[in-house]
1. Summarise the partner chain shielding of B:134-142 as one whole number: the mean count of Cβ atoms from other chains within 10 Å of each residue's Cβ.
2. So how do B:D92, B:D127 line up by other beta-carbon neighbours within 10 Å, fewest first?
3. Which of B:R574, B:R808, B:R93 comes first, and how do the rest follow, when ranked by fewest Cβ neighbours within 10 Å?
4. Taking H placed 1.01 Å from N in the peptide plane, check which residues at least 5 places from A:G29 or on another chain put their amide H under 5 Å from its amide H.
5. Where the centroid of each part is defined by its Cα atoms, how far is the stretch B:564-642 from the stretch B:372-409 in Å?
6. Do you know the relative contact order of the stretch B:98-231, to the nearest whole percent, from alpha carbon pairs under 8 angstrom that are 6+ apart?
7. If you bin every alpha carbon distance in the stretch A:5-111 into 5 Å steps from zero, what whole percent lands in each bin?
8. How large is the translational diffusion coefficient of the stretch B:638-795 in µm² per second when you combine the Kirkwood radius over alpha carbon pairs with Stokes-Einstein at 25 °C and 0.890 mPa s?
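What follows draws every value from the coordinates through simple rules; no lab data is involved. Note that the coordinates shown come from a computational prediction; the quantities given were computed from them, not determined experimentally. All Cβ positions, glycine included, derive from the backbone under ideal geometry; neighbour counts span all protein chains shown.
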Amino acid sequence: MKARTCWEAVCTVDDLVADSGIAVWTEDGPVAVFYLPRRLPALFAISHTDPFSGSNVLARGITGDINGEPVVASPLYKQHFSLRTGVCLEDDSARVKVYPVLLDGDQIRLEVPLAQAASVAA
Amino acid sequence: MREEYTMSKQTLIVIGNGMVGHHFLEQFSQSPAAEAYQVIVFGEEKQLAYDRVHLSEYFSGSSHADLAMGTADWYAEQGIDLHLNEPVTAIDRDNRVVTTPKGAYPYDQLVLATGSYPFVPPIAGNDQSGCFVYRTLDDLDAIQASAKGAKTGVVVGGGLLGLEAANALKSLGLQASVVEFAPRLMPVQLDDQGGALLRQKIEDLGVQVHTEKATTAIAPGENARLRMKFSDESFLETDLIVFSAGIRPQDTLARACGLEVGERGGIVINNQCTTSDPHIHAIGECALWNNFVFGLVAPGYTMARTLSAALNNDTSAAFTGADMSTKLKLLGVDVGSIGDAHAKTPGARNIRFHDEQIGHYRRMVVSQDGKTLLGAILVGDNSHYDTLLQYALNGIELPKNPEALILPESEGGAPALGADALPDTASICSCHNVTKGDICCAIDAGCSDLGGVKAETKASTGCGGCTALLKKVVDSELEKRGVEVCTDLCEHFSYTRQELFHLVKVNGIRTFRGLLEQHGQGDGCDICKPTVGSILATCWNEHILATDHVPLQDTNDTFMANMQKNGTYSIVPRIPGGEITPDKLIVLGEVAKEYDLYTKITGGQRVDLFGATLSQLPEIWEKLIAAGFETGHAYGKSLRTVKSCVGSTWCRYGVQDSVGMAITLEDRYKGLRAPHKVKMAVSGCTRECAEAQSKDFGVIATEKGWNLYVCGNGGMRPRHADLFATDLSDEELIRTIDRVVMFYVRTADRLQRTSVWMENLEGGLEYLKQVVLEDSLGIGEELEQHMADLVGTYQCEWKTAVEDPEKRKRFREFVNAPEQTDPVQQWTSERGQRRPVLESA
Ligand SMILES: Cc1cc2nc3c(=O)[nH]c(=O)nc-3n(C[C@H](O)[C@H](O)[C@H](O)COP(=O)(O)OP(=O)(O)OC[C@H]3O[C@@H](n4cnc5c(N)ncnc54)[C@H](O)[C@@H]3O)c2cc1C
Ligand code: SF4
Ligand code: SF4
Ligand code: FES
């Protein structure tokens, strides 16, 4: 049974910083949105929470690629997370949640699961 | 206290808890025989075994804990019964019992590791207060106490230890002199020419040298505490005297119980380190092997290993002598002596090189047929030591023109002996007896880098003298096995940091993207981006939040604060030289209170405010800037603080205004981007209260100006800074620091502190001096100009950031929810302040 989701508008193009990340607050908690203008697709969204420290910091990491894989490095303990799959390159038992992301006009939207209360209302 | 010893175990007693005794215990307790013995150790000194070789560092701030070779816990874990401050007073060989003032202890095996004691010449009056020896921590405490209120100090004995003691007196702020009986300094290791050059260099450093002086009496002085009378009727007045006239093996116990001892002292041992009594063994400086006492630590360690093996019934274990070559830095002067330095071998011939201008002397002693190197003497420059030592130790055939080995390179000198040319038996690390063959084995067993080889073989973890050679051998062996020793920065750039710096500078590249497109590949990563960011900052000094640069910075640089474990930040405003007005201090307090920031004083004489959220940072900085604060760059690879003592303004000993100089330096170099963080300090006199010698740049005031020390380090791998230049005026000091800093910034590797940079710099300290003080590369002015440009374009990053609404946008914690707080940041209170809740999961 697929959980119900919605495409939540989280920010606009103006909020993005090229080759870097920003953090947004969603129905599903804190999410990091990255904009890598030279890639196709150029937008990525993963959980903002670093699984190793439990702190909300991933949007503040350095982006780049390792063997072609787009990644962000955790600013605390420097592990790399794939922006496509959320898997940690140093320890594949650790992974962060990945969110589908799309550009709708100048709105950035993320597909997030609907919270309990919201799904009743929907 | 151990209640009882298991009946079935034998007892092994070690007398002496010095360097060699401790090394023996390390070896023995790891061996199978350890199971069969209860070990008891008696030490006369009250401290646990410590590194006597580095004893002098005690005066530059190392404590017993820093010098200690093990811990009481380690002894307890090994089940060793340790009795410190309890000398053994007699050995009863018939009943196999040793006695101490506290009791009697039976043994099955006894090890004497009693070391040696300093010889004090029988001079009338040598026992009055003000006369000392230089061997133990207690000796140093006594010297230090006596140096308070003293002005002058004399060392009797111009050998290796004597010169080291003279340096120590100098570092205590005394006017030091050396009195030597022989016609030259270091008579054992050097010849007349070398001794004369060393003397000249030492006198240049302000230490007076008197040779051919025999002291006949010591009496109370007229203008100082003591007067030394010499056989030629002359005299010298001084406040304190340190005797360093050689050492004698500590064989008192052995003599008293009738063990065989040498004519001039020393407990006679055989190749298995056993004495004339099969139950008693002797190792280290108290032992006499083949009529020879070894006054160095490495042979002692070899004896310790041999004995441990022999007690494990290894019949092949044998001590077969040791090499007495020495390489050291005395008062900052390189001195090296190898093998038969005095050409005593029949038919030996000499090759000498002496450059009086730069003060380098090198002598090679070669065999009659000119094929092998028998010995060598080096003064002023030890860069040829490793190569010469390998030729001598391994009997490698000399090249056709052996003189090339000691000629300066520009005159057709031969390059250093490649690691490849060494035989497998070549000893690379004598402290831990590691040969080239051992290193190859370690690599074949899977070690793939220098760190791995060090951990596996222990090479270069003793005196550290072999570090450079070890690296060469490891690199060359890895290369041979097809492991590419990759110096590439990362997968995006096949260049070193230095090469990238050059590319950026020469081609005028101003963005990361530009550099990547022209010289790299891919998108970059968290290694190359900050590195290039730092290079760009050094070259062009643009604001680090300029749009192109944002994605390059580490989070701390991006948000200009230090991220802590829960994702909040700490804030460190600059407090130049540690000087702060009460009003500014009040502002810090008010801001901290308003935002409930945990407040702590840092080691760099400033105040750290913890627990600010991302979105609070600009508001907080607005307030700090309004009160006149600037960013402290605690987050950057850049100048941190210039620590200072209060100096001549207040301190009764101060000879210069150290605070003023610290503020000048801090204001000059603040904001400068470097390969790693840079710390400085300024002390107002030689008492060195600012601990300048543990900093990247340390400045110590003298009567005439400033002494500059470079490339020191505290932290994980402490390094004592090297004396770089003396008695500089204010302008000279700043010019010299400008040059060294810029040269470091340009040539160091990514994340390389100045200490490691110096250790890897080919030619080392001498080379750096040539580049900076003699301008041998002709880049002095360019370096100064570059620094002047950087100083001229300084801006407080926080000031620029808070004034720019676009930049402030970066500090939104959640861009779409300004009111949302981060739920994982939970707080509790402790000792009256707020702190994060530690995760319970
Ligand atoms: C200032 C200085 C600089 C040096 N620099 C170098 C250098 O650069 N390179 C180098 O190779 N070597 C150097 N040495 C020499 C080196 O320190 C010695 O070779 C080494 O310490 C010898 O170790 P050991 O265990 O034999 O003796 P020690 O380290 O002297 O230990 C002997 C211990 O036995 C104790 N003891 C003696 N009698 C009794 C007893 N009856 N009961 C109980 N305990 C007793 C003593 O108190 C002492 O603690 C230096 C020495 C000094 C003092
Ligand atoms: S170093 Fe500074 S504080 Fe210490 S004694 Fe000298 S002047 Fe005084
Ligand atoms: S010593 Fe360790 S715990 Fe303390 S601040 Fe440094 S890194 Fe953190
Ligand atoms: S020679 Fe002393 S550590 Fe290697």
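1. Details: counts 0, 0, 0, 0, 0, 0, 0, 0, 0.
Partner Cβ neighbours, averaged per residue: 0.
2. On the way: B:D92 13, B:D127 9.
Ascending number of Cβ neighbours within 10 Å: B:D127, B:D92.
3. On the way: B:R574 21, B:R808 17, B:R93 14.
Ranking B:R574, B:R808, B:R93 by Cβ neighbours within 10 Å, fewest first, gives B:R93, B:R808, B:R574.
4. Under 5 Å from the amide H of A:G29 lies no amide H from a residue far enough along the sequence or on another chain.
5. When both Cα centres are located, 56 Å separates them.
6. Working: 167 pairs, mean separation 25.4, N = 134.
So the answer I get is 19 percent.
7. In order of increasing distance, the bins hold 2, 13, 27, 26, 18, 10, 3, 0 percent.
8. On the way: Rh = 15.4 Å.
My calculation gives 159 µm²/s for D.
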